[in-house]
There are 2 protein chains.
Amino acid sequence: MTHSNTIPTVTERLVRWAVGLQYQDIPEEVVQRTTELFVDWLGCAVAGRSHPAVVAMTKFMTQMGPTTGRCEIIDGSLGLTSTPAFASMVNAGSSHVVEQDDLHNKSIMHPATVIFPAALAVAQDISSNGQEFITACVIGYEVGCRAGEYLGKSHYEKFHTTATGGVIGVAAAVASLLRLDVDQTISGIGTAGTQAAGLWQFLLDATHSKQVHTGKACFDGIFAAYSARDGLLGPRDILEGSRGMGAALVPGKTYPEAISRALGAEYAILGSSFKWHASCRHTHPSVDALLSLMKKHQISFEDIDSVVAKTYQAAIDVLGLSGRGETVHQSKFSMGFVLAVAAKKGQAMITDFHENDLADQTLREFQKCVVMEYDADIDSRFPNEWQGTVVVVCKDGRKLTESVEYVKGDPQVPLTRDEIEAKFRALVTYGGITDASKVEDVLQKAWNLRTQKDLHGFAL
Amino acid sequence: MTHSNTIPTVTERLVRWAVGLQYQDIPEEVVQRTTELFVDWLGCAVAGRSHPAVVAMTKFMTQMGPTTGRCEIIDGSLGLTSTPAFASMVNAGSSHVVEQDDLHNKSIMHPATVIFPAALAVAQDISSNGQEFITACVIGYEVGCRAGEYLGKSHYEKFHTTATGGVIGVAAAVASLLRLDVDQTISGIGTAGTQAAGLWQFLLDATHSKQVHTGKACFDGIFAAYSARDGLLGPRDILEGSRGMGAALVPGKTYPEAISRALGAEYAILGSSFKWHASCRHTHPSVDALLSLMKKHQISFEDIDSVVAKTYQAAIDVLGLSGRGETVHQSKFSMGFVLAVAAKKGQAMITDFHENDLADQTLREFQKCVVMEYDADIDSRFPNEWQGTVVVVCKDGRKLTESVEYVKGDPQVPLTRDEIEAKFRALVTYGGITDASKVEDVLQKAWNLRTQKDLHGFAL
């Protein structure tokens, strides 16, 4: 099957790069970072396994799809396996619960939570090895994050780019594993793009769409790639076409240069950040600035009268939707509550957000004394740089200011291997896994990703 | 589970009506029209069964889902059954191939191709009877078409409303069959809406997204309703919320009054048209006007020098995307080609569009002499009324004009039972079904929908 319209598009340039990429061509630093981000993702997938959205998606799988198959559900306690579309849906949902999965700064999307579950399930299904898996993930990050960058800030005001850019990345990663050619891959990306969806509305009433978005990005992207292999033609110019994603899903400016800029020289995976704090990434610059200020000036939680968090518009837009934060998940999207937790506990790790904290009046009082303020200079740098400034007024009258240029975990200051392992262990403990030797086995298998002949054995 | 935000919304009014609707409350005329539209849909599902998109979606089902289950694939030649999500995906795809499925005028969407396959598969799965099925379909039409009307004309410029309104209708229909309560139904509609997608980009290069859109609207709407039953919370105000469908997917005006206007007094199913011609519905007013003019003035195909088809903006937008019409499907979206076929053959039925016609130079020459022209008066009435005017210049110099107020098949002039049966027989013949007694059995079963105790037995 060929398309009737064969005018080359910028998307086609990106696809030609993707189809041509060999494992041997991937810089060592990129392979290493992919491995680190995979370990990081795996912990997230375990930590979120009991969330009601994940439970409901798992039930949907048992009703609509096979419950035996070649693909693992990372939550091994269920004893379930399935086909790639369903296994990845469940794993993607569970890995986007605890707000600890990675972030690609420039595209404002979380690639790990969609690319890894989809690529892992397909790799398990068709017996890909570690190098094929890494190559597919590098491609998935690249294509998905470039799509997200193309869609830009104004898209992100209403859409969860992790889903809309994510489905494009999933299609590309799976196309790589299935060894689709250029035309088939273009079709897969086109079919992915015409399914792209995911709205922020759920943030307003603390409902469960966030996990639906990542789960369905996997399902839909896998559908796109498999059906492209089997003859279903997708539109060739889904990003830039007159009825494509840019035209329909972007009210403001698109960034076409992002689609094919410096292919093979820049790697999206090296532009991805680890999340250290367990809250919405938009709170992290302020958290880091506040913790740094408190340490520098020897200020305690009780000393603080008020905080102004100077930030970019997208943070105000997203964090403004969650109100007071009525659930643990929603509270991670409240700047005031997150800064309260960080100030009181000295950190904002996964174990620092609990049901009990929601009723802690000292946190709630602190929360009321935090305001976000638009900062034009910080906004002009976003999303290339995620900066933040806090202005703290102390009860003794002192007024102190602190800014951060990079957040802990940013590409410029990534986590160390020890920190990644510590975070992984905290996540699996939070997920209720008690079998330490099993945890070690999985961790070692993940660190040795590139030498794996087979990618089964990651369930915990 | 309850939502933290319980402020009532207009969507909630619509849901309360849906949850409260009993079969006994539905007017006889509505039950009858539902039955007629179901018969009409069934023929379409058979006719499109060999399309490459349907073949690829069926293959996806065999790879990802069960190939035995309680739900029928309407293409009985495959010997496959599956779960509701997959069976409905395939049936929805095949029923949206030949451009003969119904149209709800005011919402510019095709409800049958999404509501019937989803409701049928779920009804088969949980052993609903004919009355429960009819009730669910009436609800699905109502909720889906009202969502489509709310999204309006400017949404339709980029989005295939059959998919975006359709997924909402599917969730509502399935919620009815599953007997979800008000809160669960609201969640289902919310989860459906955050998955709403479907772009017109495929029309530009004659690719296969149209069937993907209907197939995935079923899959995604079923996911939404089942997961809502199982505890997954969806946003309560997905239509009108500040990060909902209206805000994100409508560049122009929304029509909020459509969501809850005259509930129980107006029925969307009575506002749906049968398609008589086998082309894009936007060509129908011009086809009817042209055929009427030719008959009135005794003009033949050869007599015509040029045609101006005066129409509304949405027709120009959609039909303008297909160029010359390089495939049979794309040719049904070319005003010039469709009018050429109608003028030459005296009709534009399913058997009138064949591969051979694409190379017919007399049709191609006629096509070049047709232009579409924007008509402000016609546009002001659209989509409440789908009117058209043609101005024909004859080779002998005569200039003739004809207008139509209603199209054959419109709610004001629906098809007769004989016409519906004739169309059904043509569709199944086109679909290659030769077993006449089986066809009669299925047809009788469909006409007797309301008395069926079980809804299996519609595969052909």
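The numbers here are math on the coordinates, done by the rules we state, and not lab data. All values reported here derive from a predicted model rather than from experimental measurement. Note: ideal-geometry Cβ built from the backbone for every residue, glycine included; neighbour counts use all protein chains shown.
Determine ³J(HN,Hα), in whole Hz, for all residues of region B:183-188 in sequence, where each value follows from phi through the Karplus function 6.51 cos²θ - 1.76 cosθ + 1.60 and θ = phi - 60°; x replaces Gly and Pro.
Once θ is set to phi - 60°, the couplings for region B:183-188 become 5, 5, 5, 4, 4, x Hz.
To the nearest 500 deg cm²/dmol, what mean residue ellipticity at 222 nm is calculated for chain B from DSSP H runs of n ≥ 4 alone, each contributing -39,500 (n - 2.57), summed and divided by the residues?
-16000 deg cm²/dmol
Rounded to a whole number of µm²/s, how large is the Stokes-Einstein D of region A:216-269 at 37 °C and 0.692 mPa s, given Rh as the Kirkwood radius over C-alpha pairs?
Rounded to a whole number, D works out at 244 µm²/s.
Report the semi-axes of the equivalent ellipsoid for region A:1-142 in whole Å, largest first, where each axis is √(5λ) for an eigenvalue λ of the Cα gyration tensor.
Ellipsoid half-lengths, sorted descending, are 28, 19, 15 Å.
With N residues in region B:25-106, what two-decimal value do you get for its Cα radius of gyration over 2.2 N^0.38 Å?
1.21
Have a look at the DSSP beta bridges in chain A and tell me what percent are antiparallel, nearest 5.
75
By how many degrees, between 0 and 90 and to the nearest 10, does the Cα long axis of helix A:335-345 differ from the longest principal axis of chain A?
70
Going by average Cβ density within 10 Å per residue, which order do the peptides B:196-204, B:384-392 take, highest to lowest?
Details: B:196-204: 27.0, B:384-392: 21.6.
So the peptides B:196-204, B:384-392, ranked by packing, come out B:196-204, B:384-392.
Using mean Cβ contacts within 10 Å as the protection proxy, how do B:96-102, A:419-425 order, highest first?
B:96-102, A:419-425
Using only atoms on other chains, find how many Cβ atoms lie within 10 Å of each Cβ of peptide A:239-247 and report the average.
5
Can you find, among B:133, B:221, B:200, the residue farthest towards the positive end of the dipole of region B:130-242? Put +1 on the C-beta of Lys and Arg, -1 on that of Asp and Glu.
B:200
If each label sits 7 angstrom from Cα along the C-beta direction, how far apart, in nm, is residue B:77 from its counterparts in the other copies?
Distances between equivalent label points, in nm: 5.0.
Just from the alpha-carbon atoms, what are the Rg and Dmax of region B:212-313 in angstroms?
Calculated on Cα positions, Rg and Dmax stand at 21.4, 66 Å.
Hand me the trypsin sites (Lys or Arg not before Pro) from region A:172-251 located in a DSSP loop with no more than 15 other Cβ atoms within 10 Å, in residue order please. Walk me through the numbers before you get to the answer.
Numbers: sites: A:179, A:210, A:216, A:229, A:236, A:243; in loops: A:179, A:236, A:243.
Those that pass, being in a loop and sparsely packed, are A:179.
Determine the shielding of peptide B:213-223 by partner chains: average, over its residues, the number of Cβ atoms on other chains within 10 angstrom of each Cβ.
Details: counts 2, 0, 2, 8, 0, 0, 5, 6, 0, 3, 9.
Per residue, the number of nearby Cβ atoms from other chains is 3 on average.
Which whole number gives the average count of other chain Cβ atoms within 10 Å of the Cβ atoms across peptide A:185-191?
Mean inter-chain Cβ contacts per residue within 10 Å come to 3.
With angles folded into 0 to 90 degrees, how steeply does helix B:84-94 sit against the dominant principal axis of chain B? Use alpha carbons for both and round to 10.
Around 0 degrees separate the two axes.
Mind checking which chain B residue has its Cβ closest to the axis relating B to A, and how many whole Å off it is?
Axis relating chain B to chain A; nearest Cβ residue and distance: B:197, 2.
By counting other Cβ atoms within 10 Å of each Cβ, how are B:375, A:183 ranked from fewest to most?
Going from least to most buried by this count: A:183, B:375.
In Å, what is the Rg of the alpha-carbon atoms in region B:115-224, and how long is Dmax?
Answer for region B:115-224, Rg first and Dmax second: 13.7, 43 Å.
Restricting to bridges with both residues inside the protein assembly as shown, how much of the DSSP beta-bridge set is antiparallel, in percent to the nearest 5?
75
Over all directions, what mean area does the Cα convex hull of the protein assembly as shown project, stated in square nanometres?
35.9
How do the peptides A:441-448, A:323-330 rank, highest first, by the average count of neighbouring beta carbon atoms within 10 Å per residue?
For the peptides A:441-448, A:323-330, the packing ranking is A:323-330, A:441-448.
Rounded to the nearest 5, what % of DSSP beta bridges with both residues in region A:281-404 are antiparallel?
70
Just going by the charge dipole of region B:322-460, with Lys and Arg at +1 and Asp and Glu at -1 on Cβ, which of B:420, B:409, B:391 is farthest out on the positive end?
In region B:322-460, that residue is B:420.
For a test of the definition: using alpha carbon positions, the gyration tensor, and the 1.5 limit on a/c, classify region A:10-273 as rounded, prolate or oblate.
Rounded, since a/c falls under 1.5.
Arranged by the count of other C-beta atoms within 10 angstrom, fewest first, what order do B:331, A:403, A:279 take?
A:403, B:331, A:279
Short version: what are the Cα gyration tensor semi-axes of region A:281-397, square root of 5 times each eigenvalue, largest first, in whole Å? Provide the component values of the computation, followed by the final result.
Values: eigenvalues 84, 63, 30 Å².
Computed over region A:281-397, the values are 20, 18, 12 Å.
Expressed as cubic angstrom per residue, what is the convex hull volume of the alpha carbon set of chain A?
Numbers: hull volume 58.7 nm³, N = 460.
Per residue, the Cα convex hull of chain A comes to 128 Å³.
Give the whole-number value, in cubic angstrom per residue, of the convex hull volume spanned by the C-alpha atoms of region B:87-144.
Each residue corresponds to 76 Å³ of Cα convex hull volume.
No solvent, one uniform scatterer per C-alpha: report log10 I(q)/I(0) for region B:65-117 via the Debye equation at q = 0.13, 0.21 1/Å, two decimals.
Once normalised to I(0) and log-transformed, intensities are -0.35, -0.73.
For region A:318-460, what mean projected area does the convex hull of the alpha carbons give, in nm²?
Convex hull of Cα atoms, orientation-averaged projection: 11.8 nm².
Please go through the residue pairs B:423/B:453; A:408/A:445; B:106/B:423; A:275/A:423; B:153/B:368 and name each one whose alpha carbons sit more than 19 Å apart in this structure.
Too far apart for the 19 Å limit: B:423/B:453; A:408/A:445; B:106/B:423; B:153/B:368.
Treating the angle as unsigned and between 0 and 90°, give the value, to the nearest 10°, between the Cα long axis of helix A:10-20 and the longest Cα principal axis of chain A.
Its long axis makes an angle of about 70 degrees.
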